[in-house]
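The structure appears below as structure tokens.
The values are calculated or read from the model by the stated rules, or taken from the named source; none is laboratory data. This structure is a prediction, so every number in the text was calculated from the model and none was measured. For neighbour counting, all protein chains shown are included, and Cβ atoms are generated from backbone atoms with ideal geometry for every residue, glycine included.
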Amino acid sequence: MCKNCGRHFQSKKRKTKIQNKIWTEYVNGKQTAQEIGNKYGKCRQWVASQLNEINVDDNKIINISPQSIVVVADATFFSRGYGVLIFREPNLRKNIVWKEIHSETPGHYEQLKLELECLGFNIKAVVLDGKRGVRQVFSGIPVQMCQFHQVAIINRYLTRRPILESGKELRQIALQLIVSTEEKFTDLLDN
């Protein structure tokens with residue numbers, strides 16, 4: 001506040017600093033806009049407007065030296081025609097590369113894979129959500145379907161409240177997927 005005229009002002013640098021801090025918390029901290037708003041004493045809409053003002057390409061700086069990595073790849077949509085495809089390294093707990101998308105296609109996965117390879121990264125393995133055609137993009141690399149998506153597919157076929165006894169048993173086995181080993185899960189299915 002100016003002591004002479006009483007006018008309040010804020011430097012642009014400070015605004016950019018808070019926006020980058022919010023962006024980091026939103027992307028790397030996996031917090032919702034509501035949670036961030038509560039932290040700063042602001043509403044969800046204020047946080048959303050701060051995030052909208054950030055140029056995503058400016059934040060696409062990777063602070064990781066090229067190495068062999070495991071990639072967890074998934075797309076998140078914020079509206080019908082706007083989303084972000086992210087390649088994340090779970091062991092480093094960092095998003096390696098991302099791309100704004102309007103629809104999720106194997107071509108987008110191919111672009112990010114090539115970008116990683118051009119940066120010098122070696123992809124050891126990939127975890128995907130089961131989107132059709134994406135597995136072929138990573139041919140020659142071990143691919144695993146995300147356990148959450150495996151359970152979601154089973155829920156789609158069995159429902160969350162199966163009526164038949166066999167459906168109930170199969171659902172219980174499916175829910176064990178996340179906490180069991182391959183041998184234990186195979187034994188449950190065989191029984």
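Number of residues in the range 110-140 that are aliphatic (A, V, I, L, M) and exposed (fewer than 15 other Cβ atoms within 10 Å of the Cβ) equals 3.
When you scan the range 162-171, do you find a residue that is farther than 19 Å from residue 90 by Cβ and within 25 Å of the chain's Cα centre (by Cα), even just one? Checking the range 162-171: not a single residue is farther than 19 Å from residue 90 by Cβ and within 25 Å of the chain's Cα centre (by Cα). For the range 172-183, which residues satisfy the criterion of being within 26 Å of the chain's Cα centre (by Cα), part of a helix (DSSP H, G or I) and exposed (fewer than 14 other Cβ atoms within 10 Å of the Cβ)? Listed by number, the residues that qualify are 175, 182. Is there any pair linking a residue in the range 167-187 that is closer than 12 Å to residue 150 by Cα to one that is exposed (fewer than 14 other Cβ atoms within 10 Å of the Cβ) and polar (S, T, N, Q), with Cβ under 7 Å and at least six apart or on different chains, and which? As it stands, the answer is 177/147; 178/147, since those pairs meet every condition given.
Look at the range 82-109 and say how many of its residues are within 10 Å of the chain's Cα centre (by Cα), surrounded by 17 or more Cβ atoms within 10 Å (Cβ to Cβ) and either farther than 20 Å from residue 148 by Cβ or free of Cβ contacts under 8 Å to residues at least 40 places away in the same chain (or both). Number satisfying all stated conditions: 4. Whenever a residue of the range 133-151 is touching a residue at least 40 places away in the same chain (Cβ under 8 Å), its partners that are of a type in the set (Phe, Trp, Tyr), lying with C-beta atoms within less than 8 angstrom and at least six residues away or across chains, give the pairs 134/109. Of 41, 6, 37, all but one fail to be outside the structural domain of residue 114 (by TED's automatic domain parsing), at pLDDT 85 or above, on the phi > 0 side of the Ramachandran plot and not β-branched (Val, Ile, Thr); the exception is 41.
Screening the range 86-171 for strands (runs of 3 or more DSSP E) wholly inside it with 3 or more residues that are in contact with a strand residue (DSSP E or B) (Cβ under 6 Å, 6 or more places away or on another chain) and modelled with pLDDT of 90 or more returns the ranges 122-128.
So residue 30 passes all but one of these: (1) outside any helix (DSSP H, G or I); (2) at pLDDT below 70; (3) more than 19 Å from the chain's Cα centre (by Cα). Which condition number does it fail? Going through the list (1) outside any helix (DSSP H, G or I); (2) at pLDDT below 70; (3) more than 19 Å from the chain's Cα centre (by Cα), residue 30 breaks only (3). Report whether or not residue 140 is within 18 Å of residue 71 (Cα to Cα) and under 22 Å from the mean Cα position of the chain (by Cα). It is false that residue 140 is within 18 Å of residue 71 (Cα to Cα) and under 22 Å from the mean Cα position of the chain (by Cα). Candidates are the residues of the range 69-81 that are free of Cβ contacts under 8 Å to residues at least 60 places away in the same chain and under 29 Å from residue 120 (Cα atoms); the one that is surrounded by the fewest Cβ atoms within 10 Å (Cβ to Cβ) is 76.
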